[in-house]
Amino acid sequence: MNALSQQVKRGGWTFVVFGALAVVFAIATLVWPAVSVLALVLAFGVLSLADGVVSLLSIFRKTLALPNWVLLLYALLSIAFGVLAISQPAQMAQAMLWLLALWLVIAGIARIVFAVHLRKLVQGEWMLALSGLLAVALGVLFFARPDIGLVTIAIWVAFGALLYGLLQIWVGTRLLRHKMA
C-alpha cells in the first residue's frame with residue numbers, strides 16, 4: 001500500500017469517527033434538548049471568558065490596530081458574559097433567546113422593507129419579503145413562547161448535526177472502500 005493510499009484510509013477513519021461523534025451528539029440533543037441548550041450556553045460562556053482574557057492580554061501587544069479602550073471594553077464585556085453564562089446558564093439562555101427574537105423581528109422587517117424597494121428592479125422579491133415575514137413570525141413566536149424557542153433551537157442543531165454526521169460517515173466509508181492503484 002503506497003503512502004497516498006494510507007493517507008486516504010486514515011482520512012476515511014477520521015471522517016467516520018467524527019461522523020459517529022456528531023450522530024451521538026445529535027441523538028443526545030434530541031433526547032435531552034433542554035440539557036443541550038444549557039451545555040451550549042456553558043460552552044459559549046467558556047469561549048467568551050477565554051476570548052475576554054485573550055483580548056485583555058492583547059492590550060499589552062502593540063501590534064493591534066484597535067485602540068486600547070476598545071479592547072478593554074470588549075474584554076470586560078466578554079469576561080462578564082462568560083462569567084454570567086457559566087454561573088447562571090439558564091438565565092443567560094433565556095437572555096440569548098430574547099436577543100435572538102429581537103434580532104429576528106428587526107432583520108425580518110429590514111428584509112420586507114428591502115423587498116419593497118427591490119420590487120421595481122428584480123423579479124422574485126416576494127421571496128425576500130416572505131423570508132422577512134417568516135423571520136418576524138419566528139421572532140414573535142420566541143417572544144410569546146420562549147420555552148418553545150430554546151427547545152426548537154436545540155432540535156434544529158440536532159438535526160443539522162445528524163445530517164452532518166451521516167454525511168461524514170458516508171464519505172469516510174467511501175474513502176475506506178476506495179482502492180488506490
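The values are calculated or read from the model by the stated rules, or taken from the named source; none is laboratory data. Just so it is clear, the structure is predicted and the values come from calculations on it, not from any experiment. Every residue, glycine among them, receives a Cβ derived from its backbone with ideal geometry; neighbour counts consider all protein chains shown. Surface accessibility is based on the protein's heavy atoms, side chains included, excluding ligands, DNA and RNA. Shrake-Rupley method; radii C 1.70, N 1.55, O 1.52, S 1.80 Å.
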Using protein chains only and a probe of 1.4 angstrom, how many square angstrom of Arg145 are accessible, to the nearest 10? 110 Å²
With an 8 Å cut-off on Cα pairs and a minimum separation of 6 or more residues, tell me the relative contact order of the range 39-141 in percent. 26 percent
Based solely on C-alpha atoms, express the radius of gyration and the Dmax of the chain in angstrom. 22.2, 62
Residue-by-residue Karplus 3J(HN,Hα) for the range 139-155, coefficients 6.51, -1.76, 1.60, Hz, glycine and proline x: x, 5, 4, 5, 5, 6, 9, x, 5, 6, x, 5, 5, 4, 4, 4, 5
Candidates per trypsin sites (Lys or Arg not before Pro) in the range 137-181, loop by DSSP, up to 15 other Cβ within 10 Å: Lys179
How do Lys120, Lys9 stack up against each other in accessible area, from largest to smallest, with a 1.4 angstrom probe? Lys120, Lys9
Whole-Hz Karplus couplings 3J(HN,Hα) for the range 84-99, θ = phi - 60° and coefficients 6.51, -1.76, 1.60, Gly and Pro as x, run 5, 5, 6, 7, 9, x, 5, 5, 5, 4, 5, 5, 5, 5, 4, 5
Helical contribution to [θ] at 222 nm, DSSP H n ≥ 4, -39,500 (n - 2.57), averaged over the chain, rounded to 500: -31000 deg cm²/dmol
Probe radius 1.4 Å, ligands and nucleic acids left out: which of Val140, Val151 has the largest accessible area, and how do the rest follow? Val140, Val151
